[in-house]
Amino acid sequence: MNDRVGQYFDTLQSKRVAVLGIGVSNRPLIRMLLARGIEVLACDKTPREKLDDEVLELEKLGAQLHVGEGYLDGVQADVVFRTPGMHPNIPAICQLCDCGSEITSEMEVFFEVCPCKIIAVTGSDGKTTTTTLIAKILEHAGYKVWIGGNIGQPLLPLAEGMQPTDIAVVELSSFQLMTMQRSADIAVITNLAPNHLDMHKDMAEYIASKENVYLHQGKDGKLVVNMDNEITNGFSSKAPGTLEKFSLRGKPENGVYLENGVIYRNGSRIMDAADILIPGIHNVENYMAAACAVEGLASDADVLAVARSFGGVEHRIELVRELHGVRYYNDSIASSPSRMIAGLHSFDQKLIVIAGGYDKHIPFDVLGPEICCHVKLLILCGATADNIEKAVLDAPEYKPGFPEIIRVDCLQKAVDTAHEKAQTGDVVTLSPACAAFDQFKNFMVRGETYKKMVMELK
């Protein structure tokens, strides 16, 4: 039993705790607080009439609800747990700080009480797959592994059951990292490109938040970076401990690289890239990052075993079905231009692509040439349809009608249009290049909706 958890919650006795955001990640936290008799103010912008049964149950258990418009007005608390998607510099939080409140989060407390080694993965693309690969490789090597964070599982409620010999593998978003004062034992940064600029004030803030994953390490820490990405490679000189790199294009002094279709670690063969079951060169990168992270903890044989058996993470170039010789893929996770481009490069033919979604105020210029080279039919819907179409039409590679561009007003019409236009041998993929918030709660709901529509095609 991990005593650190109980010791932390003992410090909250007789204090008033506010939890900002009553989403999935914070509900187990609220239960933990209430179970220990701690006064909890649970705040959320959802109006009372739209609260689900689980939140109302928390109220019955003793949580004081402060919901709807103005849910942050007048909040007073000794300790405040910020939900990850809430910027720490909004006026309400600044005012709480000025009044002496301690601002923290579920993940920050987990880092404080976790008794075992933490491997954390962040980046713009590839976080979830790399996190999953690391966990599976370590499990194959015989470790008890706890996987969570931005990948969907809150870890603080599980921390009491963790042992020093276990390993926690955590995916971290920029929002979770913004106020982190502790870093992981092993930090992996897959890549960095413009993303979430609707939430961050600028690219500099986005990059700075990501750096918290390693800046607080000691000499025993390890940083793994993508040597091919200018931003992440630029962190090399700041690494407090060991530095390892991975690369598709060069040989790092210490790390993992690809040469003639073979993945090596410092000159020693790990496996053929062709051994990797999931498609795409970006997944070769993900495996190289994972191989760096597990060095000294797992063997190359463990890496190879997972490569030959792991079929991929849901919503990430996920094969939905084949109908009349047409393969339909779900790549709903592709919520940025760079992620969409990685998906386009995963196939050796021109594709039928469904794209568009919520506008995160990131540029689409880079998409134009890639779409012209890899797409035969582009079906656009959502708030960013105009911007994506302009990027294609402005590309030097564009020729009228190549690719064909069709505009629709919803995902159902996009799927129906793809079905009508597709011929035997074609590949149809949902690869939005945008977040889902204009029509869906998140990329998972978007992906599930798409898969249901595809499965209903006759």
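The values are calculated or read from the model by the stated rules, or taken from the named source; none is laboratory data. Computed from a predicted structure; not experimentally measured. Because the Cβ atoms are built from the backbone with ideal geometry, glycine has one as well, and the counts that use them run over all protein chains shown. To get the accessible areas, we keep the full protein, side chains included, count just its heavy atoms, and leave off ligands, DNA and RNA. Shrake-Rupley method; radii C 1.70, N 1.55, O 1.52, S 1.80 Å.
Structure data summary
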{"item": "Region 14-160 - accessible surface per residue (Å², probe 1.4 Å)", "result": "42"}
{"item": "Heavy-atom SASA rank of 215, 192 (probe 1.4 Å, accessible area, largest first)", "result": "215, 192"}
{"item": "Inter-site label distance for residue 49 and residue 424 at 7 Å from Cα along Cβ, in nm", "result": "5.6"}
{"item": "Neighbour net charge for residue 300 - beta-carbon separation under 13 angstrom, K R +1, D E -1", "result": "-1"}
{"item": "Which of 209, 268 is most accessible, then next, and so on - probe 1.4 Å", "result": "268, 209"}
{"item": "Spherically averaged projected area of region 125-169 from its Cα convex hull (nm²)", "result": "3.2"}
{"item": "Projected area, mean over directions - region 220-279, Cα convex hull, nm²", "result": "4.8"}
{"item": "Calculated SAXS-style log₁₀ I(q)/I(0) at q = 0.12, 0.15, 0.28 Å⁻¹ - region 1-64, Debye, Cα scatterers", "result": "-0.30, -0.46, -1.29"}
{"item": "Fraction of beta bridges assigned by DSSP in the chain that are antiparallel (%, nearest 5)", "result": "20"}
{"item": "Accessible area (Å², 1.4 Å probe, nearest 10) - residue 299", "result": "50"}
{"item": "Rough spin-label spacing in nm, given labels placed 7 Å along Cα→Cβ, for residue 59 and residue 393", "result": "5.0"}
{"item": "Surface share of carbon and sulfur [accessible, 1.4 angstrom probe, percent] for the chain", "result": "49"}
{"item": "Peptide ranges 56-64, 252-260 listed from the most packed, as the mean C-beta count within 10 angstrom indicates", "result": "252-260, 56-64"}
{"item": "19 Å tail of the calculated P(r), region 181-264, as % of Cα pairs", "result": "41"}
{"item": "Exposure of residue 424 as accessible area (Å², to 10), given a probe of 1.4 Å and all protein chains", "result": "120"}
{"item": "Region 274-370 - Kirkwood radius from inverse mean 1/r over Cα pairs (Å)", "result": "15.3"}
{"item": "Helix-only CD estimate at 222 nm, as mean residue ellipticity for the chain, using -39500 (n - 2.57) per DSSP H run (n ≥ 4)", "result": "-9000 deg cm²/dmol"}
{"item": "Candidate residues 345, 87, 66: accessible-area rank, largest first, probe 1.4 Å", "result": "345, 66, 87"}
{"item": "Per residue solvent-accessible surface (Å²) - region 213-325, probe of 1.4 Å", "result": "44"}
{"item": "Residues whose placed amide H lies under 5 Å from that of residue 271, excluding near-sequence neighbours", "result": "263"}
{"item": "Cα convex hull of the chain, projected area averaged across orientations, nm²", "result": "22.8"}
{"item": "Per principal axis, descending, Cα span of region 45-153 in whole Å", "result": "51, 34, 29"}
